[in-house]
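What follows is a short report on a single structure.
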Amino acid sequence: MKRYELKKRTDELHIVHPQQFQIDYKNQLNPAQYEAVRSIEGPHLIIAGAGTGKTRTIVYRVAYLVELGVRPEHILLLTFTRRASQAMLRRASILLDHRCEKVAGGTFHSFANYVLRRHGTLLGYDRSFTILDQGDAEDVVNLIRTRLKLDTKERRFPRKQTLYDLYSRSVNTVTPVDKLLAADYPHYLGQADDISAVFSSYIQYKISHNLMDYDDLLLNLVRLLKEQEPVRAEISGKYRYIMVDEYQDTNKLQSEIVKGLAYRHKNLMVVGDDSQSIYSFRGATIRNILEFPDEFTECKVIKLEENYRSTQAILNVANEILKRALD
């Protein structure tokens, strides 16, 4: 009988023994940081308060993955600002070598733009779609508001900034407009139908003019990952090791994106502070970080608790405040 020998694909991980590493990770990191850096298989939640070396941990983890033999283009680092990802990858390159510069890094929006330029035709968009910034989006909303004759002085109707804020929060939190009105703008509840009409016309206007606003970038990436299985398989297969910074500031759409990207391999590390969230006005929800272990049942939680900025006395006061806030 003819014998067959199974061979690894050439693009699979080529393991490098830690003894061959250029960087002495164990002695350059504290125990919790070192554990986070070398824990790469499966889902991980890193709880890291201010001053605990969160950025240092991410930088060393990028270098560790590259030294281990992971191809840089198979690593994805998502941050909230482009500057943050550039700074982290630059530091990793200085720490190790130029290979770290080839790691895919950027914001959720920039990553979504990259994917949609390639696959947006599946959703009916031309690849040359135009992105509306907030000011442009508000102007389009105002144009529609005027066309629908909802800008008359005889009636109390929200201005373009309020309308766009409502629309954006509805999209990012996946919340019906009437619920948002009841919670934050009860005086506009009587205008709910007209407000919904503005939003419907706004959506159609963007589609007919090949436009996307910032919220559409996230929304349409979620649609791709949910509706287009070949695209999801391709993207999840390419980015085998995913890191997300400031996870406490992600919203519902970003959480869905993260789950879609990691569905195939589950090699996902999210980093955040469960006592801090500064982007709630963008629909961010602390529930994403609190419920992460439930979403990924095999999740390992690692806490970075050694603080390098504050004295113990300051930390004791901060911890007591947090404790009373939770009681």
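The values are calculated or read from the model by the stated rules, or taken from the named source; none is laboratory data. Given the structure is predicted, the values throughout are model-derived calculations rather than measurements. Please note: Cβ atoms are built from the backbone with ideal geometry, for glycine as well, and neighbour counts cover all protein chains shown. Side chains included, ligands, DNA and RNA excluded: accessible areas come from the protein's heavy atoms. Shrake-Rupley method; radii C 1.70, N 1.55, O 1.52, S 1.80 Å.
Brief remarks on what is shown
- Relative pair counts by distance (%), Cα atoms of the stretch 54-168, 10 Å bins: 12, 27, 23, 19, 11, 6, 1
- Dipole magnitude of the stretch 66-204, debye to nearest 20 (Cβ charges: Lys/Arg +1, Asp/Glu -1, about Cα centre): 220
- Calculated FRET value between residue 134 and residue 287, using beta carbons and R₀ = 25 Å, to 0.05: 0.50
- With the simple model of a label 7 Å out from the Cα in the direction of the Cβ, residue 207 to residue 98 spans 4.7 nm.
- When the solvent-accessible area of the chain is split by element, carbon and sulfur atoms take up 49 percent of it, the probe being 1.4 Å.
- Cα-based helix-to-principal-axis angle, 214-227 vs the chain, degrees rounded to 10: 70
- Accessible area per residue, Å², the chain with all protein chains present, probe 1.4 Å: 54
- Taking the Cα atoms of the chain, the ratio Rg/Rh between the radius of gyration and the Kirkwood radius comes to 1.04.
- Site-free segments of the chain were taken between GluC sites (Glu not before Pro) in DSSP loops having at most 16 other Cβ atoms within 10 Å, sites themselves excluded; the longest one is 155-290.
- For residue 38, the shell of other residues with beta-carbons less than 9 Å away shows a net charge of +1, using +1 for Lys and Arg and -1 for Asp and Glu.
- Compared with the alpha-carbon gap, the fully stretched path from residue 126 to residue 303 is longer by 59.3 nm at 0.36 nm per residue.
- Cα centroid separation, the stretch 102-179 to the stretch 24-76 (Å): 36
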